[in-house]
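Some notes on the structure that comes next.
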Amino acid sequence: MEPLRGGGLVNLSEKSLAKLNENYPDTTPAEFGLRWSASLKNVVTVLSGMSNLKQMKENIATFENFTPMNEQEIKVADEMAKIIQSQGEINCTACKYCTEVCPKGINIPAIFSLYNQYKVTNSPFHLKIYYETLSDSEKANNCIKCNLCNKNCPQNLPIPELLAQVQSEYEKSKVSS
């Protein structure tokens, strides 16, 4: 499940996308990510969510004549993973299981998505602008650290700590703008 990290491996940063295009210009991020997932040892089934017919057709085409990744492709995938990890993104797949139990109604996936965009663009201005589109009740500063969200997170993220990190970055962005 979530072979593309809730779309995170499709919406790549410029550096990651450049690495893919440099090596495989005719391959989409979705195709590359799905092939990587399906090439892992002991993976029998890949369950990928799709939002529209175009995505469904691309996923079907990827697996119609499936070829496992070769060593060179795996090397490129590893290089891309290192780029992604170096950017300090939060590995949230936006499954929303955390929001189902949050007593404060914090929009955790949206906050993490905004933060990830900030890490990719390195623009405090964008973090400030987009964070302020959330209603006050949805923001990270409302977290009471009850840890109910952690119990529901399939990625085992330390959500209250990450929310505090995002809130801190947001506070810095207000000062710098």
Going by a ≥ b ≥ c, the root eigenvalues of the Cα gyration tensor, does region 75-177 fall in the rounded group (a/c under 1.5), the prolate group (a/b larger than b/c) or the oblate group?
oblate
Just from its helices, what would the mean residue ellipticity at 222 nm be for the chain, if runs of 4 or more DSSP H residues each count -39500 (n - 2.57) and the sum is divided by every residue, rounded to the nearest 500 deg cm²/dmol?
-17000 deg cm²/dmol
Cross-link reach list, aspartates and glutamates versus K82, counting only Cα pairs under 20 Å and skipping chain neighbours closer than eight places:
E2, E14, E22, E31, E71, E73
Assigning unit charges at the beta carbon (Lys, Arg +1; Asp, Glu -1) and nothing else, what dipole magnitude in debye, to the nearest 20, does the chain show about its Cα centre?
400
Quick check: from the Cα gyration tensor, does region 1-97 come out rounded (a/c under 1.5), prolate or oblate?
rounded
Please sort 94-106, 13-25 by packing, taking for each peptide the average over its residues of neighbouring beta carbons within 10 angstrom, highest first.
94-106, 13-25
Compare the peptides 125-132, 49-56 by average per-residue count of other Cβ atoms within 10 angstrom and give them in order, highest first.
125-132, 49-56
Degrees separating the helix 71-86 axis from the principal Cα axis of the chain, which is the longest one
10
Which shape class, rounded, prolate or oblate, goes with the chain when its Cα gyration tensor gives a ≥ b ≥ c as root eigenvalues, a/c under 1.5 marks rounded, and past that a/b bigger than b/c marks prolate?
prolate
Once the Cα atoms of helix 53-64 and of the chain are each reduced to a long axis, what angle between those two axes, in degrees from 0 to 90 to the nearest 10, is obtained?
40
If every Lys and Arg gets +1 and every Asp and Glu gets -1 at its Cβ, then about the Cα centre region 5-86 yields a dipole, in debye to the nearest 20, of 260
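State the extension gain, in nm to one decimal, for the chain segment bounded by Q72 and N122, taking 0.36 nm per residue of separation less the distance between their alpha-carbons.
Stretched out fully, the Q72 to N122 stretch lengthens by 15.0 nm.
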Compute the separation of the alpha-carbon centres of region 69-132 and region 34-54 and state it in Å as a whole number.
20
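No value in this document is a laboratory result; all are computed from the given coordinates. Because the structure is a prediction, the values reported are computed rather than measured. FYI the Cβ positions are ideal-geometry reconstructions off the backbone, even for glycines, and counts take in every protein chain you see.
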